[in-house]
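Q: Right, I'll just put the structure down here and ask away after.
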Amino acid sequence: MSRELTHEEAFAALDAAALDALDAAERDAVLWHAAGCPICGPELASLRDTAAMLAFSSPLAADTATRSRSRIRSKLIDRASQARGPRESSLPEARATEREVRAPAAAGVSGIVRDAPRQQRGQNAVPHVLFPAERKEVVQHERRFGWFRPEWTAIAAAIVAVAAMAGLAITMRDRDNLQASLKEQATLSAQARTVGDSLRTALMSRDSLIAGLTGKDVAMMTLTATGSRPPFARMFWDRAHNTWTLVAHNMPPLPTGRTYQLWLVTPKGKISAGTFASSSAGDAMMRATYPLPASDLRAIAVTEEPAGGMPQPTGEMVLAAQAR
Amino acid sequence: MQSGDERALGEFYDRWFPVVNCLVTRIVKSPDDVEDVVEETFWQAWRQASRFAADRGSVQTWLMTIARSRSLDRLRAIKRLRQDSLEPSVVEEAAQTSADPIVPSPADPSLEVEHQERKAIVLAALAELPPEQREALELGYFGGLSQSEIAERTGQPLGTIKTRMRLAMLKLRDRLSVLREDAR
């Protein structure tokens, strides 16, 4: 499984994720974080929109587009129509007739072709193929009635050749259709795996978040501030897994070039747990992993700092809570 | 499309063919492969239309993601075949900008105008980027290379590539914000 990224690490990789330019492990970790992060999710969507626009920078030769445009369109509409097969009344009949001709050709058996008496005007005019046993009967019948002549043999041979060619063409078309179908199935299978992976990743992220909020070793602290519409936040500290989940509301908008930074106050000093930004509605969530003995935490604080964060707090304290 | 109306597929195809064809051509290049990939892109969009959720992204982003993914799949398949025959890689070729004239030739003249307008805006935004940032962006998007692979290919530190890509994307997003709402 991929290492869980801090918000800051994931946020910094969102552009590469939007361009699909991350190695697999890092990509999974970033997508996992973004799936559960109210900041990174919209940011990734926005960057993906930007990446998609790069398609407009691609040049194209005129003749290529003109030649292929209508051909692809026809093929697509045909495929879409055929995919709705049951609504097309003529399709099953046509397929049945094709099988009738294709079978002997595929088996390498030659046959005599003649017009099937059941054919009606306006129906698919597919010739009826006779197998060798039937052919012998026909010849005996023709000899008995005295109208067997060499020219009939030549005509029959020609018809057989035409039928064989038709059978071969149909077989090749059938093979192409099967190959296309196989390719499509492989594509669908790969897509299903991708969707499954994404869902698993999102689910794991949610599970991790829920565990970080509801675990038996989770301590909750409320961070407060003063003011007419003060920000407030809750910190969930999962001491069993060393994870910290901060959920904040009413955070004031940050000036350009500034960020919020979370601090863990211990007897030995103030430890940075990472930086974060809030949404336009003032909401924020950040997750961090940091091992700290339970007795070492004295307080938690959020300050406003220059973008990228500082090694020690320098800015105004926005939120704070004493450890209990 | 989501209700399975084939006429909608036709209209959708007419609307998006130019840009899909441009993108696939840029990545795949071989006309026969381009035609296959364009068809497979629209076919996948048609088959998966019911899964598209407008609140999770624009149609343009969704369709371009499919087109790019199918194109890179084909490109990698071609590359594997060429490696077997010791021919040069086509990945670098895909990231190079072609000098061919740009004529998307959509059926609807208004679509052609829209396409050209978008193209002009995107090209202008790209032109504002320093060449090394643009290179990182194009190797990633059109060449399907990861940042590590780009660093290896260009001989630059990974951190440098990450910075270039990040700066390029942020500048592009700023310049192309005018197009983002149109794409929805």
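Q: Would you mind listing the helices (runs of 4 or more DSSP H) fully within the stretch A:5-107 where at least 3 residues are more than 27 Å from B:Ala120 (Cβ to Cβ), acidic (Asp, Glu) and at pLDDT below 90?
A: Qualifying helices (runs of 4 or more DSSP H): A:90-106.
Q: Does the stretch B:5-54 hold any residues that are more than 8 Å from every other protein chain (Cβ to nearest Cβ), free of Cβ contacts under 8 Å to residues at least 40 places away in the same chain and part of a helix (DSSP H, G or I), and which are they?
A: B:Arg7, B:Ala8, B:Glu11, B:Phe12, B:Asp32, B:Asp36, B:Val37, B:Thr41, B:Arg51
Q: Then there is this: Considering only the stretch A:1-38, state which residues are more than 14 Å from chain B (Cβ to nearest Cβ) and basic (Lys, Arg).
A: A:Arg3
Q: So which residues in the stretch A:301-318 are out of contact with any Phe, Trp or Tyr (no Cβ under 7 Å at 6 or more places or on another chain) and either not in a loop (DSSP other than H, G, I, E, B) or not hydrophobic (A, V, I, L, M, F, W, C) (or both), if there are any at all?
A: The answer is A:Glu305, A:Pro306, A:Gly308, A:Gly309, A:Pro311, A:Gln312, A:Thr314, A:Gly315, A:Glu316, A:Met317.
Q: Name the single residue, out of those in the stretch B:143-163 being within 11 Å of A:Ala21 (Cβ to Cβ) and not small (Gly, Ala, Ser), that is surrounded by the most Cβ atoms within 10 Å (Cβ to Cβ).
A: Of everything passing the filter in the stretch B:143-163, B:Ile161 is surrounded by the most Cβ atoms within 10 Å (Cβ to Cβ).
The values are calculated or read from the model by the stated rules, or taken from the named source; none is laboratory data. These numbers were taken from a predicted model, which means no experiment stands behind them. Every residue, glycine among them, receives a Cβ derived from its backbone with ideal geometry; neighbour counts consider all protein chains shown.
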